[in-house]
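Here the structure is laid out as structure tokens; the discussion comes afterwards.
No lab work stands behind these numbers, since they all come straight from the coordinates. As the structure is a computational prediction, the values presented were derived from the model and not from experiment. Glycine also receives a Cβ, built like all others from the backbone with ideal geometry; neighbour counts cover every protein chain displayed.
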Amino acid sequence: MRFLIGMGLFAIAFAIGHLDGGFVASALADGMPAPREITMQAAATPVMEDLIAFHNLLLIIITIIVAFVSVLLLIVIVRFNRKANPTPSKTTHHTGLEVAWTILPVMILVVIAIPSFRLLYKEVVIPKAELTVKATGYQWYWGYEYPDNGDLQFDSNIIADADLKPGQPRLLAADNALVVPVDTTVRVIVTGADVIHSFAVPSFGVKIDAIPGRLNETWFRATKTGMFYGQCSELCGQSHAFMPIDIKVVSKEEFAAWLEQQKKSADAGSSAPVKTALAEIAPANAAQAETAH
């Protein structure tokens with residue numbers, strides 16, 4: 001009975017969250033968590049779209065199972081208690097029932113397995129990349145490199161609370177973002193310089209460990225522009241909570257202009273313009289972040 005009461009309370013809380021804007025919160029803040037959000041962040045890549053679809057499928061299946069078992073439990077409580085059924089049945093075998101409770105779970109597992117294996121293949125097998133970037137986890141910040149574009153590299157540190165500008169989320173905003181073009185297959189090589197970190201960006205469906213002495217790789221293909229936030233999701237030490245991941249997705253034209261600007265800065269012998277260039281090429285993203293905040 002406590003279980004049934006708990007399920008009822010959960011359903012009420014679920015409905016309140018829906019009516020109170022919990023579901024639409026992610027639409028108001030693409031690429032970052034939102035207040036009262038009870039679903040996953042809005043998808044920005046095909047992999048994340050499939051992850052959300054698979055999650056929703058599992059949610060439907062488990063809800064049906066829980067409801068079915070709850071109904072059976074209620075029937076047992078009402079019809080087969082000692083008072084209502086003083087003489088219990090002596091039945092020990094029922095062929096039809098045994099076949100049903102064997103075949104039905106197998107069918108459910110097959111329904112789950114097919115999209116699961118398809119999604120796993122899609123995540124692990126990296127398609128032909130149009131751009132390669134390298135992310136290195138340090139204690140406690142990220143370093144980014146563009147191996148396909150000369151010697152372009154820079155560090156990305158968290159912005160202190162006192163230095164946050166309007167629209168920049170606390171604990172998620174970094175001074176230099178990883179800039180990538182939209183509708184481009186990006187291969188991400190990940191490693192760690194000191195301890196194990198984890199490169200995770202929820203809106204992209206990306207999460208992979210950064211291990212010292214080892215190169216891991218993943219990929220994403222962003223389908224919309226904007227700023228997308230992640231964090232190190234491995235307990236890596238004292239400042240684990242203070243090494244955000246900022247990925248700025250811009251148009252291909254803006255990305256080409258940004259690369260050209262970085263090459264000119266490198267030729268001039270300075271990497272300082274990286275931060276300024278990011279602010280100049282996509283001012284609309286700042287307005288988007290401010291609206292989401």
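May I ask you to list the residues of segment 54-74 whose amide nitrogen lies under 14 Å from a point 7 Å from Cα along the Cα→beta-carbon direction of Leu97? Residues 72-73 qualify, since their backbone N sits under 14 Å from the label point.
The simple spin-label model puts a point 7 Å past each Cα toward its Cβ; for Val69 and Tyr121 those points are separated by 3.1 nm.
Taking 0.36 nm per residue of sequence separation and removing the Cα-Cα distance, the Thr184/Ile108 pair yields an extension gain of 23.7 nm. For segment 109-161, the set of trypsin sites (Lys or Arg not before Pro) satisfying both a DSSP loop assignment and a count of at most 12 other C-beta atoms within 10 Å is given as Lys128.
Centre-to-centre separation between the Cα atoms of segment 40-119 and those of segment 132-181: 44 Å.
Length gained on full extension, Ile62 to Arg79, computed as 0.36 nm times the residue gap minus the Cα-Cα distance: 3.6 nm. Here segment 218-259 is described by how far its Cα atoms reach on the three principal axes: 40, 19, 16 Å, from widest to narrowest. FRET efficiency for the His55 to Ser239 pair, using the beta carbon distance and R₀ = 35 Å, is estimated at 0.65.
Shown here are the Rg and Dmax of the Cα trace of segment 50-93, at 17.0, 52 Å.
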